[in-house]
Ligand code: ADP
């Protein structure tokens, strides 16, 4: 393989730039030319493809977002769209593609492999919802952003003796809510993977008040509904001074944490190594601090699961 390409697709995540940099430099180190595809699968279809050099990925390791930009491409979901994409890859003599993104982007990558074009997936999403890897690129940074925000909210919650219901991202996965909940000592964590009735949340609020707690923090993962819905019920039943904060897209930005930069650097390079070994239809990941690769079909067929011991620990500690 002498010419490969890299793209970022779907929701951006801090650390994607570090992954791009790693793939580009690992390839060049091995004497392979690398091309950047701009705007995800849209750029593949329109041929928005340019050669990247060692210098073109300089000074990006510490930046959030993605220098290749990203997109959601409806056209790529069609056979015609994908045929155009393969045509562009052939036109540029590109022999392999690295797709940095979430499960949707991996489904796209899977389709390219089915058309005979070798692809490797690198998990980049703040949601941490990809099976077969302990962490995805961007999760740690998003988590730290959430923890930082909630620490600030806690100051005002304590001063005013308020109950704060905080909504965090994660799509259908509760990882951000769960890990943040343990890290900030939230009273309750409401996530899609575990049933927590509102009655139980309220019970815990009363128990906290009884032992003199000045504030309460409840974290709601967006996958279970909105913080406003929970706040309405809680306020009605307790009459506590209840406030809502929806953290929103602030969770997707910012300079990637050291953990994400290191993970991205390891995974970006591993993806190149797999292409050069002649592998395809694989996804790279990290299990027990070891870089691994698995069949993308297998990863997509698997269900993402959370570590319930963390959920139980958080409950035990927030009595
Ligand atoms: P993420 O990768 O963050 O999960 P999306 O689910 O939006 O984000 O997927 C990103 C893009 O991947 C989509 O806009 C689409 O172009 C492509 N994609 C997703 N699912 C498929 C599919 N089943 N077939 C072909 N392309 C897909």
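A short reminder: the numbers here are calculations on the coordinates, not readings from a lab. A quick note: this is a predicted structure, and the numbers were derived from the prediction, not measured. Backbone-built Cβ (ideal geometry, glycine too); neighbour counts: all protein chains shown.
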- Where the Cα pairs of the range 148-201 fall when distances are cut into 10 Å bins, in %: 22, 54, 23, 1
- Message: Rounded to whole Å, give me the distance from the Cα center of the range 60-113 to that of the range 137-193.
- Response: 33
- Query: Between residue 226 and residue 134, what FRET efficiency comes out of the Förster formula 1/(1 + (r/R0)^6) with R0 = 30 Å and r the beta carbon distance, rounded to 0.05?
  - Reply: 0.55
- Nitroxide proxy distance, nm - points 7 Å out along Cα→Cβ at residue 114 and residue 289: 4.0
- Efficiency of FRET from Cβ geometry, residue 262 and residue 30, R₀ 30 Å, rounded to 0.05: 0.90
- Residue-normalised 222 nm signal for the chain, counting each DSSP H run of n ≥ 4 as -39,500 (n - 2.57), nearest 500 deg cm²/dmol, is -13500 deg cm²/dmol
- What nm distance separates the two modelled labels at residue 199 and residue 107, each placed 7 Å from Cα along Cα→Cβ? 3.8
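Would you please put 206-212, 181-187 in order of how densely packed they are, using the mean number of other Cβ atoms within 10 angstrom per residue and starting with the highest?
181-187, 206-212
How long are the semi-axes of the ellipsoid equivalent to the range 135-177, from square roots of 5 times the Cα gyration tensor eigenvalues, in whole Å, largest first? Please report the intermediate quantities before stating the final value.
Values: eigenvalues 116, 28, 5 Å².
Equivalent ellipsoid semi-axes, largest first: 24, 12, 5 Å.
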- Note on the structure: Checked the range 3-118 with the C-alpha gyration tensor, a ≥ b ≥ c its square-rooted eigenvalues, rounded below a/c of 1.5, otherwise prolate if a/b is larger than b/c and oblate if not; verdict oblate
- Message: Suppose a student asked you for the relative contact order of the chain, using Cα pairs under 8 Å spaced at least 6 residues apart; what percent would you report?
- Response: 24
- The FRET efficiency for residue 90 and residue 54, from their Cβ-Cβ distance with R0 = 30 Å and rounded to 0.05, is 0.70
- Note on the structure: Quick shape check on the range 260-312: root eigenvalues a ≥ b ≥ c of the Cα gyration tensor, a/c under 1.5 is rounded, otherwise prolate if a/b tops b/c, else oblate, and it reads oblate
- Note on the structure: Pseudo-spin-label distance residue 80 to residue 276, built 7 Å along Cα→Cβ, given in nm, is 4.0
- Message: Please compute the length gained on full extension between residue 310 and residue 235, using 0.36 nm multiplied by the number of residues separating them and subtracting their Cα-Cα distance.
- Response: 24.2 nm
- Task: With just the Cα atoms of the chain, tell me how far they stretch along each of the three principal axes, in Å, largest first.
- Result: 69, 37, 32
- Item | Most fluctuating residue given options 101, 121, 248, as computed from a GNM of the chain linking Cα atoms under 10 Å | 248
